[in-house]
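Take a look at the structure below.
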Amino acid sequence: EFNLSFRYATNAIKTSKYNVFTFLPLNLFEQFQRIANAYFLVLLVLQVIPQISSLSWFTTVVPLILVLSVTAAKDAIDDINRHRSDNRVNNRKVQVLIDRKLCSETWMNVQVGDIIKLENNQFVTADLLLLSSSEPLNLVYVETAELDGETNLKVRQALPVTGELGEDIEKLADFNGEVRCEPPNNRLDRFTGTLTFAGQKYSLDNEKILLRGCTLRNTEWCFGLVLFAGPETKLMQNCGRSTFKRTSIDRLMNILVLCIFGFLAFMCFVLAIGNYIWETNEGSGFTVFLPREDGVSAGFSTFLTFWSYIIILNTVVPISLYVSVEIIRLGNSFYIDWDRKMYHANSDTPAEARTTTLNEELGQIKYVFSDKTGTLTQNIMVFNKCSINGKSYGYVGDDQRPEIFKSKNAVDFSFNPLADPRFVFHDHSLVEAVKLESPEVHTFFRLLALCHTVMAEEKTEGELSYQAQSPDEGALVTAARNFGFVFRSRTPDSISIVEMGNQLSYELLAILDFNNVRKRMSVIVRSPEGKLSLYCKGADTLIYEKLHPSCSKLMDLTTEHLNEFAGEGLRTLALAYKDLDAEYFDQWKRRHHEASTSLDDREGQLDLLYEEIEKDLLLLGATAIEDKLQDGVPQTIEQLAKADIKVWVLTGDKQETAENIGYSCNLLREEMTEVFVISGHSVDEVHQELRLLSKTLFSYRSRGAEAAEDEAVSGDYGLVINGHSLAYALEHSMELDFLRTACLCKAVICCRVTPLQKAQVVELVKKYKRAVTLAIGDGANDVSMIKAAHIGVGISGQEGMQAVLSSDYSFAQFRFLQRLLLVHGRWSYLRMCKFLRYFFYKNFTFTFVHFWFAFFCGFSAQTVYDEWFITLYNLMYTALPVLGMGLFDQDVSSSWSFQYPQLYVPGQRNLYFSKRAFFKCALHSCYSSLLLFFIPYAALQDTVRDDGKDVADYQSFALLTQTCLMFAVSIQLGLEMSYWTAVNTFFVLGSLAMYFAVTFTLYSNGMFLILPAAFPFLGTGRNSLSQPSVWLTVLLTSILCVLPVVTYRFLLTQLCPSINDKVEEPLKEASGFSGRSNEVTERMSLSGDVQGEAGQSHAPTSFAAPSHPPHQLPPLRIRLLTRAGLRRLGDVGSIPAAPGCATPLRLRQHGSRHHGLQPHGTVRRVQPHGAAPER
């Protein structure tokens, strides 16, 4: 009753939008908010006004109703599914404590303040405060896959004071506490609140809360108090709408549609003026047999004519355009989902297009922002090296010889019965140091066994398995386990470990949590002897700031080892500890309790306390963990670089680690001119480094190049910048200088960056560069970057599914990115651009014929075509052929897309569809419409049939014009298509056949007898299309329409060939060869597939990145020795050796900068005050 007074939300959820009564009005209201639909609704209103419309209402109603019906049906199906899902969830059963007994209730009837009982494998009903459980110490295990995609179990624990309630129904019924907590929000990782019970106040945090959407695992039962219900739960708070992403083509289309509306108004204004002039000068002569209606003057006639032509010329923006675009996008999304070459068999993970609106944007990517760990690397961690008390241990195994791990040189851990048999280490001296009971070594591994959040599970005696929230922690705890410090189990108040065979229990007094700002974690424990200790591990830069001055010498030695580890690409952590005074700790613990029960700025107060106690630490050493590259990463990055896609790696690792990985994955290359490093520790230092770097880069500028251009420097440069320097570089005063400098480099690596900085870098490039960005990552720390980019790609790896859940596209391996961009992205962009160019061409041509006809019909708004042809032109006659092109067309195969990554460049430069391409299309339509009107007009003037009867009537002219139009646009479509399939052919020929079948049907006697007013073209088809002169006119018009296009393309190919022309020419030549030549061509294509599917098999040949501009192919002369003799293929670019040829391919590249020996690239560290660079 007390809770009811606050009117908290009920536990019923509603994700549906409509019901039976609201569906029609709400759905129509939403659809008419789209400009195109509203525009056609206005046209329909105009068409029902007799004084304005010369077209029947069905010419607009039929297309509009069809589009509205298809969209409404899709929305209705989606909403019905949402209703079913809501009903299924709301009617789940749960046990609720009512009137001192457990009753079964539906979820929708659960209220805030109810105490409910959950059993194993049940979903959590609402956001609950855990009261008690069946497990020791009131622990429960939950799976949060529904919330964040992570499948590893997490532990929650009830307060001891509520845990005493157990499953005693009477005690639970008498529970009378008060919870004060934060308002409803979407933060899954944080909860702030207090429980007041029996006069005491207790702190509540995320560890004591069960969130709706979790699943109870390995726990027989638990009781919880409902805190938030229904729409106020964190799960539902996270169901808000994500930011809607639009492609650059969408944005351009919006501008073009507005321009088309303006042009439509201009044409109607010109024709209205023409009507006024005609009515004034000529119209009076017709009033004898065409008397004007009362009150209709020349001026009023002009006004009516304007609106009449608005109706007639409305086809410049056809409503079917938007439907066709969505169908094409949906089809191209299915291609990604169905692509077997992007399926990862080991993890059973296919590629997934999680959105259908961004496919063509994949063909225009200029910048790729990538995480490192788990994205470029496997995120499978192996403990390989460490530094303890200034001595380095361990070495990295030979990657090329995996059998070394089975050799006799591996350390024998048989002395430890609890060792993990899968763990391999090769340095025997570390085991000897452990056996000799070196105090520093023992403390080192004791820290690894105590300072973590790993959960241990021991199903049988000695069979331990660890569940870690990160692979790093799992690797470190496993290492400690093998060296004799075995983490066995934990409770909220203690950690049990086995130290060299002795079972010990440490009292866990405090956990100082890791976060992306602190970048470290600490625990405070009391040993069995009563000694208080703080153990800390974290990023070396932050640990070093907390060390006691006495550690300076050891710090220098450890730093050398850290740099050595990082140089080998290993992930490093520093370890430190301190002993605590009991009196001081008691006083600190009291303040910690006060801060943890505060509702105001709890996190800030706790951070200050953590900073206070984490100081004057004693350095122990450092760990080094190996994280190997994924298959195919170097080849993928090399391919992207050849496609002029710039890759920026944003990682939280050390600078040396990131640099090493950069070289390993071909992001940084030895032949680069220079690699610059920015590592300033203040605003002034970073500013000076940026200025010095800019001067250096611009001294290499190409002559005549503008400073703002990305390709303005000669040579390849790399840039590495630290997180603290990046923080200053992203300040408003320096962000442009940083961006300008970074964009001149071929590769950029940002180290030690936070998730927020990742998003800021992406936003900076989006803000100032006219380029499409893509962000790719695999963890929760990449979500902000993925959401910030134009396109977000999630990798389903070892860090859960949060990145995938926030992404637009997802797959399992980084190497699939090249297929997503170079094949699917480029094809989608090419298809969409061809579709739009052709769609506008056919509709402009169709509409402009009306414009020319106006000058010959007294500007009377008479239509040049039959009304049924106007209605069916976009819906039936020309819909399927253009859809076929948008779904199936491709200029080159997938293997040749990998073979020539330079083909990707036109998409980055918007060459296939832009304002310029649109206006060229409009001019082409204007030319075609002139021919389509005046040639039939001249052909029928003063013409008779072969039997002497007159054929020069309006209906015959209309039929001839629309037939010429159908053939002209069909032939133009054939010229546009590069890849003919059986489906395309059927669509084109079937549409022409459909046109004639429908035309003869509509012009038949039967249709006229049924509705004489609706089918006035009685017998026109039979009378006109039986005349040879009509078909000669169709042939002449069609030839003249396409002749300039063919001529222009021929001259363009010969005089100014594009990248596609350079690639397609040798392909066409090669396809004409016979015998052995065909086999060679086939093998070349197959080897391209091998190169494209990097990582699945070895690339046949490795070539250095071309020194020529990305939009030009290198002038290679290639000769094939075949049975047909010595044949020249021409300038076709880099082609791998074709296996099986009698004589290998010989390649000679002209203009390459690699002549003989070349010096290695240098790494320059930019230093302020003119200091000499290190080399």
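Can you find, among Leu887, Ala788, Tyr865, the residue sitting farthest towards the positive end of the charge dipole of region 781-928, where Lys and Arg contribute +1 and Asp and Glu -1 at Cβ?
Of the candidates, Ala788 comes out farthest on the positive side.
Starting from 0.36 nm per residue, how many nanometres of slack lie between Phe266 and Arg217 once their C-alpha separation is accounted for?
Full extension of this stretch gives 10.7 nm more.
Go from 0 up to the bin containing the longest alpha carbon distance in region 829-939, width 5 Å each, and give me the % of pairs per bin.
Taking every Cα pair in region 829-939, the percentages come to 2, 10, 15, 18, 17, 12, 9, 7, 5, 3, 1, 0.
Per 0.36 nm of contour for each residue apart, how much would the distance between Lys17 and Asp168 grow if the chain were fully extended, relative to their Cα-Cα spacing?
50.1 nm
Could you tell me what percent of the accessible area of region 92-239 is made up of carbon and sulfur, with a 1.4 Å probe and every protein chain present?
Carbon plus sulfur share of accessible area: 44 percent.
Just to verify a number: what accessible area does Val633 come out at with the full protein assembly present, 1.4 Å probe, Å² rounded to tens?
0 Å²
Note down the accessible area of Phe266, probe 1.4 Å, to the nearest 10 Å².
So the heavy atoms of Phe266 present about 120 Å² to solvent.
Would you please give the FRET efficiency between Ala345 and Thr981, computed as 1/(1 + (r/R0)^6) with r the Cβ-Cβ distance and R0 = 35 Å, to the nearest 0.05?
0.75
Which distance in nm do the two modelled labels at Ile1010 and Asp942 give, with both placed 7 Å along the Cα-to-Cβ direction?
Calculated label separation equals 4.3 nm.
So what J values fall out for region 112-129 if you push phi through Karplus, 6.51 cos²θ - 1.76 cosθ + 1.60 with θ = phi - 60°, rounded to Hz, Gly and Pro as x?
Coupling constants for region 112-129: 4, x, 6, 9, 10, 10, 10, 10, 3, 6, 8, 6, 6, 6, 8, 6, 10, 8 Hz.
Rank Phe29, Gly715, Thr196 by how far each Cα sits towards the positive end of the charge dipole of the chain (+1 on Lys, Arg Cβ; -1 on Asp, Glu Cβ) and give me just the farthest.
Gly715
Cα to Cα, under 12 Å, and not fewer than 8 places away if on the same chain: which aspartates and glutamates meet these conditions relative to Lys341?
Asp1089, Glu1093
Can you tell me the orientation of helix 35-47 relative to the chain, as the angle in degrees between its alpha-carbon axis and the longest Cα principal axis, to the nearest 10?
30 degrees
Straight-line reach from Lys553: which lysines have a Cα under 16 Å away, not including same-chain ones fewer than 8 places off?
Here the lysines satisfying the reach criterion relative to Lys553 are Lys391.
Per residue, how many Å² of accessible area does region 92-239 show with a 1.4 Å probe?
Value returned for region 92-239: 42 Å² of accessible area per residue.
So if I place +1 on the C-beta of Lys and Arg and -1 on the C-beta of Asp and Glu, and nothing else carries charge, what would the dipole magnitude of region 1-91 be about its Cα centre? I want it in debye, nearest 20.
140 debye
For Asn379, which sequence-distant residues (separation of 5 or more, or a different chain) have an amide H within less than 5 Å of its own amide H, given hydrogens modelled in the peptide plane?
Gly374, Lys628
What is the extension gain from Glu731 to Glu611, computed as 0.36 nm multiplied by their sequence separation minus the C-alpha to C-alpha distance, in nm to one decimal?
The span from Glu731 to Glu611 would gain 40.6 nm if fully extended.
Out of residues 5 or more away from Val110 or on other chains, whose amide H comes under 5 Å of its own, with H placed 1.01 Å from N in the peptide plane?
The answer is Asn11.
Ignoring any ligand, DNA or RNA, what whole percent of the accessible area of region 297-343 comes from carbon and sulfur when the probe is 1.4 angstrom?
That share works out to 74 percent.
Which aspartates and glutamates, if any, have their Cα less than 18 Å from the Cα of Lys93, not counting same-chain residues under 8 positions apart?
Glu105, Asp114, Glu119, Asp127, Glu220
With n ≥ 4 as the cut-off for DSSP H runs, can you work out [θ] at 222 nm for the chain, using -39500 (n - 2.57) per run divided by the number of residues, rounded to the nearest 500?
Calculated mean residue ellipticity at 222 nm is -13500 deg cm²/dmol.
Round to the nearest 0.05 the FRET efficiency obtained for Asn120 and Val45 when R0 = 51 Å and r is the Cβ-Cβ distance.
Computed FRET efficiency for Asn120 and Val45 comes out at 0.20.
How far is helix 320-338 tilted off the main Cα axis of the chain, in degrees rounded to 10, range 0 to 90?
Tilt of helix 320-338: around 40 degrees.
If you roll a 1.4 Å probe over region 832-1041 with all protein chains in place, what percent of the accessible area is carbon or sulfur?
69 percent
If you fit an axis through the alpha-carbon atoms of helix 755-768 and take the longest principal axis of the Cα set of the chain, what angle between them do you get, 0 to 90°, nearest 10?
Helix 755-768 sits at roughly 30 degrees to that axis.
Give the accessible area for Lys546 in Å² (nearest 10); use a 1.4 Å probe, count only protein heavy atoms, and leave out ligands, DNA and RNA.
Near enough 30 Å² of accessible area.
Enter the accessible area per residue of region 1-91 (Å², integer; probe 1.4 Å; all protein chains in place).
On a per-residue basis, region 1-91 sits at 63 Å².
Quick one: ranking Glu626, Glu30 by accessible area, 1.4 Å probe, largest first, what do you get?
Putting Glu626, Glu30 in descending order of accessible area: Glu30, Glu626.
In square angstrom, what is the accessible area per residue of region 832-1041 with a 1.4 angstrom probe?
38 Å²
Once you charge only the Cβ atoms, +1 for Lys and Arg and -1 for Asp and Glu, what is the size of the charge dipole of region 832-1041 about its Cα centre, to the nearest 20 debye?
It works out to roughly 700 debye.
Go from 0 up to the bin containing the longest alpha carbon distance in region 832-1041, width 5 Å each, and give me the % of pairs per bin.
Using 5 Å bins, I get a P(r) of 1, 7, 14, 16, 18, 15, 11, 7, 5, 3, 2, 1, 0 for region 832-1041.
Could you tell me the extents of the chain's C-alpha atoms along the three principal axes, largest first, rounded to whole Å?
That gives 122, 88, 57 Å along the principal axes, largest extent first.
Taking all protein chains together and a probe of 1.4 Å, list Glu499, Glu432, Glu463, Glu583 from the most accessible to the least accessible.
Glu583, Glu463, Glu432, Glu499
Taking the simple approach of a point 7 Å from Cα along Cα-to-Cβ for both Leu756 and Thr1053, what is their distance in nm?
Roughly 5.7 nm, to one decimal.
Along region 579-585, what does the Karplus equation 6.51 cos²θ - 1.76 cosθ + 1.60 (θ = phi - 60°) give for ³J(HN,Hα), rounded to whole Hz, x for Gly and Pro?
8, 10, 7, 4, 5, 5, 5
Give me the dipole magnitude in Debye, nearest 20, for the chain about the Cα centre, with unit charges on the beta carbon: positive for Lys and Arg, negative for Asp and Glu.
Charge dipole, the chain, about its Cα centre: 3220 debye, nearest 20.
Using a Förster distance of 60 angstrom, determine the FRET efficiency expected from the C-beta separation of Asp513 and Arg34, and round it to 0.05.
Here the calculated transfer efficiency is 0.80.
For the charge dipole of region 1-91, defined by +1 on Lys and Arg C-beta atoms and -1 on Asp and Glu C-beta atoms about the Cα centroid, which residue among Ser69, Tyr8, Leu46 has the Cα displaced farthest towards the positive pole?
The listed residue farthest towards the positive side: Tyr8.
Taking H as built 1.01 Å from N, whose amide H comes closer than 5 Å to the amide H of Arg217, not counting residues under 5 places away?
Close amide H contacts, sequence-distant or interchain: Asn121, Tyr141, Val142, Glu143.
The values are calculated or read from the model by the stated rules, or taken from the named source; none is laboratory data. Everything quoted here is computed from the prediction, not taken from an experiment. Positions of Cβ are backbone-derived with ideal geometry, glycine not excepted, and every protein chain shown enters the neighbour counts. Protein only, heavy atoms only, side chains kept; ligands, DNA and RNA dropped before computing areas. Shrake-Rupley method; radii C 1.70, N 1.55, O 1.52, S 1.80 Å.
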